C-alpha cells in the first residue's frame, strides 16, 4: 500500500507546484500561487516612466482592444495605453504576446499571479480554466515567468488598475490565423464590456531609424487594410507576433470596429536620440467599440 501511495503523493505534489492541472486539481493548483517574481521593471524604472508627461489625445468611446509594446525603452508608451484604458476600469485584461523563445507548447497560459514593485496583479482563473479546457492551450508557469511580453506590462497594470485581473497568453511564432480564430471562439463568452484584450507586440527590429520607419509603413498599410494574409507573411524584421496582433484586430472586428487610432508611433533610436543603435519600433493602437 505504501509503495502505491508514494507515487500518487509525488504526482499530486508536482501538479500542485506546477499550477497546471485539469478539473478539480486545477482548483487545488491555484491555492499555493507563489506569484511570478518582479524581475522585469524596477520601482525606480517604473516611476521614471510614469513621471513622463502624457502627450497623446484622450480616447472617446469604449476601448475593446489595443496594441502596445513590451520593450521597456517604450515604457512611456506602455503607460500611456494603460492610463487610457484605466478610465473605463475593466475587470479583466487579456494580454496576448509572443513566446520569444518558442519554448513549451504552442499556446500557453497560467494561473499564477504576478509580483510587481507596487504589489500583486491577480490572474483571472475562470478564463484561464476555459482556455485550458479547450485543449488548444497549455499551462506552463515556468515559461510564462520568463516571458517579458507579459512581465513588462503587469507593473503598469498594477499602478493604474490595481483591482483588475489578467489572463496571460503567449503564442509561438508559427500560430496561424485559423488558430487565432479558434482561440477567439473560446474567449468569445468572456469578451464582455468589462474585459479588454491587449496585444503586446513590438514591430521592426535591428534596423536604423530610417529603415525602421520604412518597414513600419509597410506594416501600417497592412494593418489599415486589415490584410491578415500580408501580416502573417511579415517576418520579425517587421513585427514579432502576427498572431498576437491578429487576435487584437479580430476582437475589434467582433465589436464592429473598422478602424483604429494610432496613439503613438516611435522607435528606440528616436526615443534614445541615437542614430548608431539597431532599433526596435513601436506602435500603440486602440480600437473603440462601434456605436450601434
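Report, in degrees rounded to the nearest 10, the 0 to 90 angle that the Cα long axis of helix 2-18 makes with the longest principal axis of the chain.
Once rounded, one gets 20 degrees.
So what's Rg/Rh here for the chain, counting alpha carbon atoms and using the Kirkwood radius for Rh?
0.98
Of 220, 169, 276, which has the largest mean-square fluctuation in a 10 Å C-alpha GNM of the chain?
In this elastic network of the chain, the residue with the biggest mean-square fluctuation among 220, 169, 276 is 276.
Treating the angle as unsigned and between 0 and 90°, give the value, to the nearest 10°, between the Cα long axis of helix 209-224 and the longest Cα principal axis of the chain.
Roughly 70 degrees, rounded to the nearest 10.
With springs connecting C-alpha atoms under 10 Å apart, model the chain as a Gaussian network and identify which of 200, 281, 134 has the largest mean-square fluctuation.
134
Choose one answer from 277, 170, 85: the residue with the largest mean-square fluctuation in a GNM of the chain with alpha-carbon springs under 10 Å.
Highest fluctuation of the listed residues: 277.
Going by Cα centres, region 32-76 and region 141-187 are how many Å apart?
14
When a/c reaches 1.5 or more, the comparison of a/b and b/c decides; with that in mind, is region 47-86 rounded, prolate or oblate per its Cα gyration tensor? If you can, show how the numbers build up before the last one.
Details: a/c = 2.50, a/b = 1.49, b/c = 1.68.
Verdict is oblate for region 47-86.
Points 7 angstrom from Cα along the Cβ direction at residue 276 and residue 47: gap in nanometres?
3.2
With the cut-off at 1.5 for a/c, could you classify region 125-199 from its C-alpha gyration tensor as rounded, prolate or oblate? Before the final figure, lay out each step's value.
On the way: a/c = 1.72, a/b = 1.24, b/c = 1.39.
The shape class here is oblate.
Could you work out how far apart the two model spin labels at residue 54 and residue 136 are, taking each label as a point 7 Å from the Cα in the direction of the beta carbon, and quote it in nm?
3.5
Values in this text are rule-based calculations from the coordinates and carry no lab data. These numbers were taken from a predicted model, which means no experiment stands behind them. FYI the Cβ positions are ideal-geometry reconstructions off the backbone, even for glycines, and counts take in every protein chain you see.
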